[in-house]
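> Attaching a single structure in structure tokens format; questions to follow.
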Amino acid sequence: MHIMMNAAVSGTKLPFGDNVLTAVLGYAVVFVGLMMLMTLVYIMGAIFKKLAAREKPISAAPIPKTGKPGGDAPKPEPEGEPARGTAGEIKLYNVSDKEAAMIMAIVASRMGKPLNELRFKSIKEVTDK
Amino acid sequence: MNILDTLKKLLLESGFAGFFQNGGWQNAVMIVIACGLLYLGIKKKFEPLLLVGIAFGCLLVNVSYFLDLTEADALYHPDLWSEFLDANSEYYHSYGHIMAHGGFLDILYIGVKAGIYPSMIFMGVGAMTDFGPLIARPSSLILGAAAQFGVFFAFFGANLIGFTGNQAASIGIIGGADGPTAIYLTTKLAPELLGAIAIAAYSYMALIPMIQPPIMKLLTTKKEREVVMTQARPVTKTEKIIFPIVVTIFCVLLLPSTAPLIGCLMLGNLWRECGVTERLSDTVQNALMNIITVFLGISVGATMAGSRFLTLETIYIVVLGLTAFCFSTVGGLLVAKIMYKVTGGKINPLIGSAGVSAVPMAARVAQIEGQKANPKNFLLMHAMGPNVAGVIGSAIAAGFLLKVFGA
């Protein structure tokens, strides 16, 4: 290949055509390489999703309700406010954003895990009645 | 013993006398530059962990190595390294000659020359990096690739200006915003430019919060910057363990010249994720990373001898480096804008700017700019995907350039 031949002459100036070709080819190699890697990671993800889906039915067995006989069924929880900045993933019940952030940081610290590896679904203030 | 003769000899052989001899003024200028870099590192906190070491290495070489004085006391000997690189010299590629005649910094520099320090820094980076956001959203890899645009743009520009292919490749890689990769490639292809390229690379990395925001605002609309991205899927532990193995196999088979960088990056990450090597992961992230940073900084700084550094080439490198950085940001942003359109507005284009490696600084800038447009926006984890993809992308770009221009 012409470019490779030029490379053999270490320390020489590239002709204009080779300059353009090397730049375009280099960018293309990075793009194609990373796109192929992306495909591999997508395949890997799909395999793991399938595996997780197979395991789900076992873990998602219905939990029997433990309401008092003859008593009222437990009331569904009122919908919490989505926490700001979490794309609506974490529901907050009577907890301010600041307190929620503090709680998440404490939990991460106690568990010795980075915060981004933990997934919080909701934070609820429990009060004594 | 004649006291006057002794005093005269002491004076004439001192560094102070060196300032008044051939090229001595260059040493004086470099001492001022070293002090300026120390100021930037210490006071302005520009990548202080490396810049302070680089600046002090520069100071040490310029107070100990003068063209017309005896080189016996010099800590670093550019002439020894010229012989080392000269194919016609009897000391061509002779580390033994360096060990026998080199100073303290020459011996430390062997680790740079052999590509050991940059690779080991990559090991530490791997151990500190969570690839989860990238695994959860593999399309981030496209942004990591797009943001290598500046590398090849600056390569093209450097060739036009008159640099050789090897030098242009080393200058272009500044656009990868990845210090260890820039150092690794430059020591292999154009070691004479190492000081200038390392300084440019680390200075611009430190200046990312100033360089990127104007480009981000210029290329995106407020509506695009306000986009709140949905949380990516959770990534299992097993996926995180398999990922570094898959990337190593794929990238090294694709471009064997990436093996030292990608191999070390992924080994560090595997130690972090596999869960049975916590001691190693901890050592690589902290103790080893610090030790290598000491060696790398001081020995890279040592290459900044006045007689070699104060050239027109250095000014070109500084300008081309900035161009490379800006165009890498542009490349990432433009492709992210395309992704914004294709996904119907689900991708915030700001995360494209994080495709330049500079982990995690570039991701932080995306987060800050996103939050300025919409205070409810938290882009940090979304931007970490392209950010770590950029590390892989710049290593592949370096591997390609090494393959084409390496001896």
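The values are calculated or read from the model by the stated rules, or taken from the named source; none is laboratory data. Predicted, not measured: the structure shown is a model, and the values here were computed from it. Neighbour counts are summed over all protein chains in view; Cβ atoms, including those assigned to glycine, are modelled from backbone coordinates with ideal geometry. What goes into the accessible areas is simple: the full protein's heavy atoms, side chains included, and nothing from ligands, DNA or RNA. Shrake-Rupley method; radii C 1.70, N 1.55, O 1.52, S 1.80 Å.
> Mind running the shape call on segment B:70-127? Use the C-alpha gyration tensor, a ≥ b ≥ c as the square roots of the eigenvalues: rounded below 1.5 for a/c, prolate if a/b tops b/c, oblate otherwise.
Oblate, because a/c is 1.5 or more while a/b does not exceed b/c.
> Moving on to the next point. Taking the Cα centre of segment B:35-108 as origin, work out the dipole magnitude from +1 charges on Lys and Arg Cβ and -1 charges on Asp and Glu Cβ, in debye rounded to 20.
On the way: 3 positive and 9 negative charges, 143 e Å.
It comes to approximately 680 debye.
> For the protein assembly as shown, max minus min Cα coordinate along each principal axis, in Å, sorted largest first?
If we take the Cα atoms of the protein assembly as shown, the spans are 114, 58, 44 Å.
> Let me ask you something else. Highest GNM mean-square fluctuation, chain B, Cα pairs closer than 10 Å: which of B:Val227, B:Val342, B:Val318?
In this elastic network of chain B, the residue with the biggest mean-square fluctuation among B:Val227, B:Val342, B:Val318 is B:Val342.
> Just how large is the dipole of chain B about the Cα centre, in debye to the nearest 20, putting +1 at every Lys and Arg Cβ and -1 at every Asp and Glu Cβ?
2080 debye
> Share of chain B's accessible area from carbon and sulfur, percent, 1.4 Å? Show your work: numbers first, answer last.
Working: 10840 of 15880 Å².
Carbon and sulfur: 68 percent of the exposed surface of chain B.
> For a quick check: with amide H placed at 1.01 Å from N, whose amide H comes under 5 Å from A:Ile123's, ignoring anything fewer than 5 positions away on the same chain?
The list, which skips near neighbours in sequence, is A:Lys91, A:Leu92, A:Tyr93.
> On to the next question. Which part of segment B:190-209 falls in the paramagnetic zone of B:Ala87, meaning amide N under 18 Å from the point 7 Å along Cα-to-beta-carbon?
B:190-192
> Which of B:Pro48, B:Gln167, B:Thr186 sits farthest toward the positive end of the charge dipole of chain B, with +1 on the Cβ of Lys and Arg and -1 on the Cβ of Asp and Glu?
Most positive-ward Cα: B:Pro48.
> What's the magnitude of the charge dipole for the protein assembly as shown around its Cα centre, counting Lys and Arg as +1 and Asp and Glu as -1 at the beta-carbon? Answer in Debye, nearest 20.
Values: 42 positive and 34 negative charges, 542 e Å.
Result for the protein assembly as shown is approximately 2600 debye, rounded to the nearest 20.
> Using 1/(1 + (r/R0)^6) with R0 = 35 angstrom and r between the beta carbons of A:Leu118 and A:Met35, what's the FRET efficiency to the nearest 0.05?
Numbers: r = 31 Å, r/R0 = 0.89.
Computed FRET efficiency for A:Leu118 and A:Met35: 0.65.
> Determine, from the Cβ-Cβ distance of A:Ala46 and B:Glu278 and an R0 of 22 Å, the FRET efficiency 1/(1 + (r/R0)^6), rounded to the nearest 0.05.
Numbers: r = 30 Å, r/R0 = 1.38.
That gives a FRET efficiency of 0.15.
> Please find the FRET efficiency linking B:Ile368 to B:Phe250, where r is the Cβ-Cβ separation and R0 is fixed at 30 Å, and quote it to the nearest 0.05. Walk me through the numbers before you get to the answer.
Working: r = 33 Å, r/R0 = 1.12.
Computed FRET efficiency for B:Ile368 and B:Phe250: 0.35.
> Among B:Val29, A:Leu14, B:Thr311, whose Cα lies farthest out toward the positive end of the dipole of the protein assembly as shown, if unit charges sit on the beta carbon of Lys, Arg (+1) and Asp, Glu (-1)?
Of the candidates, A:Leu14 comes out farthest on the positive side.
> Another question, then. Please report, to two decimal places, log10 I(q)/I(0) for chain B at q = 0.08, 0.10 Å⁻¹ as given by the Debye formula with identical point scatterers on the Cα atoms and no solvent.
Debye output, listed in q order: -0.44, -0.67.
> Can you find, among B:Ala395, B:Met289, B:Gly345, the residue farthest towards the positive end of the dipole of the protein assembly as shown? Put +1 on the C-beta of Lys and Arg, -1 on that of Asp and Glu.
The residue sitting most towards the positive pole is B:Gly345.
> Moving to a separate point now. Averaged across B:192-200, how many Cβ atoms of other chains sit within 10 Å of each residue's Cβ atom?
On the way: counts 1, 0, 0, 0, 0, 0, 0, 0, 0.
Mean partner-chain Cβ count within 10 Å for B:192-200: 0.
> For each pair in B:Lys337/B:Lys372; A:Lys113/B:Lys45; A:Lys50/B:Lys237; A:Lys91/B:Lys222, compute the distance between the two Cα atoms and list the pairs where it is over 25 Å.
A:Lys113/B:Lys45; A:Lys91/B:Lys222
> If you don't mind, there's one more thing I want to ask. Need one value for B:229-239: mean number of C-beta atoms belonging to other chains within 10 Å of its residues' C-beta atoms. Present the calculation step by step, with values, prior to reporting the outcome.
Values: counts 1, 3, 6, 1, 4, 4, 3, 5, 1, 3, 5.
The mean count of partner-chain Cβ atoms within 10 Å per residue comes to 3.
> Now for a separate question. Determine which lysines satisfy two conditions relative to A:Lys13: a Cα distance under 25 Å, and not lying fewer than 8 residues away in the same chain.
Result set, ordered by chain and number: B:Lys113, B:Lys188, B:Lys403.
> Work out, step by step, the length gained on full extension between B:Arg233 and B:Leu49: first 0.36 nm times the residue separation, then minus their alpha carbon distance; give nm to one decimal.
Values: separation 184, 0.36 × 184 = 66.24 nm, distance 3.49 nm.
Working it through step by step, the gained length comes to 62.7 nm.
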